[in-house]
């Protein structure tokens, strides 16, 4: 028999946005879902349980940063747009509109980029392990335009593959290794909706209620972490039941099994492998949203084709407005308490001049100063870089990424011969604190892994430092020094 409530208990144990989203999908909720994770706010607009828009989130999810990260536009084009935004009157311009005006994006590409951004915001928020959330029913969200529906099940699968290590998956699966996973009968084919690969589909054939959980994890064709992630996805999307006792195979099942070579499962190994500290699960190759092909705008980096989202997106009710949705740095400003009413559909994304638009202008100016600082830092102009990072942090003190760059530049200056040696220990502690804060907000922040590598190297933990530099280099190809240190430590570990 099915252990009562095991699936719901799995979502309760998880306590993440993934569990929340599926609960609202099943309830067909319409309204605003406000999420607070590690000091960062995200607002998700739901229509019948499906996310159709999102505001807020880490700096890495702002439209311009995302376009550079995905290599849809070049960094130089991003800086051109930011320069126009930083010098424009408050509240008049948005990133998407300026990008189209400058020829950086075409209108169709902007639509695809905004859809990609909404999905990216939702998936990235699944890295927060214990966020606080509040849902406010509001039927007015149905009339908001434009809308970019996100396939909830595919997004959950993406988030689990990216951010769930052995510890998080163990929390979802529970502490009873003697249960028998069984796919729930009926329902749609999970292969398409979850973007499953062939090896994962073969693994599902073993989830028939006759194999113990520990045997599945230790003896299946997938590695244990991969198997745990897949079972976690199925539990969070209510496609898997955990039986308290072995299911008795039916006669048809036994006849079918006798016609093929059996696949014995070995006894479980002791213990469960875990990811090294600082390492995240590999990103999935199958469920990345579609991006439009470029149409020759200037300053464009090559666009890499990707597969379509696992769940089809219904046609938009109206042509999206380039000024609507997703301004760079659109962090939520409302207090932790009850969220405010959403703006009317006709005014959403267009703040009137006042405190809100001035705050947005400060964010844009802070990002412009930050980009100036990174350029100076890369050229070795550390004093100029430090001034720019301090200016960015002054305008947006709640952004830990700016603070980390400032602290790292101070650390680099302290390494010069005329620097005061007695300041080294306080700076080291400050770096450790900022690295932890940054990674709590965004596990894929390359600079945080790079600085963490240096901190670990200073303590003599070369194996962990190697993994941190490797991850930083994989996340940001521009961090040439991270790749250099990765190669040095790897050769040293081999004894070369």
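What follows draws every value from the coordinates through simple rules; no lab data is involved. The model shown is predicted, which means the values in this text are computed figures rather than measured ones. Using ideal geometry, Cβ is built from the backbone for each residue, glycine included, and neighbour counts are taken over all protein chains shown.
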*Linear extension gain, residue 488 paired with residue 427, 0.36 nm per residue minus alpha-carbon span*: 19.4 nm
*Pulled fully out, how much extra length does the chain show between residue 413 and residue 481, if you take 0.36 nm times their separation in residues and subtract their Cα-Cα distance?*
22.8 nm
_Difference of contour (0.36 nm per residue) and Cα-Cα distance, residue 184 to residue 166_ = 4.1 nm
*In whole Å, how far is the Cα centre of segment 194-250 from that of segment 107-149?*
30
*Could you give the alpha-carbon Rg of segment 111-198 over 2.2 N^0.38 Å, rounded to two decimals?*
1.36
*Under 14 Å from the 7 Å Cα→Cβ point of residue 246, by amide nitrogen: which residues of segment 180-205?*
180-181
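Mind giving me the FRET efficiency for residue 199 and residue 463? R0 is 30 Å, r the Cβ-Cβ distance, nearest 0.05 is fine.
For residue 199 and residue 463, the calculated efficiency is 0.55.
Taking all pairs of distinct Cα atoms, average 1/r, flip it, and tell me the Kirkwood hydrodynamic radius of segment 355-494 in Å to one decimal place. Working shown, then result.
On the way: mean 1/r = 0.0636 Å⁻¹.
After inverting the pairwise mean of 1/r, the radius is 15.7 Å.
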